[in-house]
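Asker: One structure follows; several queries about it will come next.
The values are calculated or read from the model by the stated rules, or taken from the named source; none is laboratory data. Here the structure is a predicted model, which means the values were calculated and not measured. Counting neighbours? That spans all protein chains shown, and the Cβs are built from the backbone with ideal geometry, glycine included.
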Amino acid sequence: MYIAELTKNLYNGTSGSYNSVTTSLSEAELSLVDLKESYKKKLESLYDSIISNEDSYETGLKEYQLLKSKLTIAEKKYELGMITKIELENTKNSVYSKENSLLANIYEHMLLLQKFEKPYLG
């Protein structure tokens with residue numbers, strides 16, 4: 001806005017009427033207000049996404065710990081012959097799947113933080 005004001009103050013009459021310069025200045029000011037509001041909404045949305053992501057990670061971590069406990073039990077049951085190899089492998093696959101989900105969650109969190117800290121990059 002400072003540059004637009006300087007332009008208005010330095011107006012020398014070669015680029016149109018005073019009214020057209022004033023109108024252009026008003027449009028630039030409105031555009032700046034819209035841009036600020038847009039960035040504000042974007043930052044609020046990113047912040048909400050980060051909080052949601054963190055909550056999702058906490059829930060996923062609890063699920064992972066539960067699955068690890070189930071795997072320990074399944075391994076003991078397999079050693080005792082109470083479950084089949086397929087059931088044990090299914091339990092392992094559940095643990096691995098949750099690990100992958102947590103890693104994806106961490107990666108997404110890092111990307112969201114980067115966008116929040118440097119909104120001008122994307």
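Asker: Restricting attention to the stretch 107-118, does a residue exist that is surrounded by 15 or more Cβ atoms within 10 Å (Cβ to Cβ), at negative phi and among the hydroxyl-bearing types (Ser, Thr, Tyr)?
Answerer: no
One line per residue, one yes/no per condition, for (1) modelled with pLDDT under 95; (2) in contact with a Gly (Cβ under 9 Å, 6 or more places away or on another chain); (3) not hydroxyl-bearing (Ser, Thr, Tyr); (4) not in a loop (DSSP other than H, G, I, E, B):
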residue	(1), (2), (3), (4)
Ile3	yes, no, yes, yes
Leu6	yes, no, yes, yes
Ser15	yes, no, no, no
Asn53	no, no, yes, yes
Lys70	no, no, yes, yes
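Asker: Here is a further query. Filter the stretch 55-77 down to residues that are touching a residue at least 40 places away in the same chain (Cβ under 8 Å) and either in contact with a His (Cβ under 9 Å, 6 or more places away or on another chain) or polar (S, T, N, Q) (or both) and give me whichever is farthest from Leu103 (Cα to Cα).
Answerer: Ranking the qualifying residues of the stretch 55-77, first place goes to Ser56.
Asker: Identify the residue in the stretch 48-86 that is under 30 Å from Leu112 (Cα atoms) and β-branched (Val, Ile, Thr) and, among all such residues, is surrounded by the most Cβ atoms within 10 Å (Cβ to Cβ).
Answerer: Of everything passing the filter in the stretch 48-86, Ile50 is surrounded by the most Cβ atoms within 10 Å (Cβ to Cβ).
Asker: With respect to Leu32, determine if the residue is over 23 Å from Pro119 (Cα atoms), among the hydrophobic types (A, V, I, L, M, F, W, C), surrounded by 11 or more Cβ atoms within 10 Å (Cβ to Cβ) and out of contact with any Pro (no Cβ under 6 Å at 6 or more places or on another chain).
Answerer: Spelling it out, it is not the case that Leu32 is over 23 Å from Pro119 (Cα atoms), among the hydrophobic types (A, V, I, L, M, F, W, C), surrounded by 11 or more Cβ atoms within 10 Å (Cβ to Cβ) and out of contact with any Pro (no Cβ under 6 Å at 6 or more places or on another chain).
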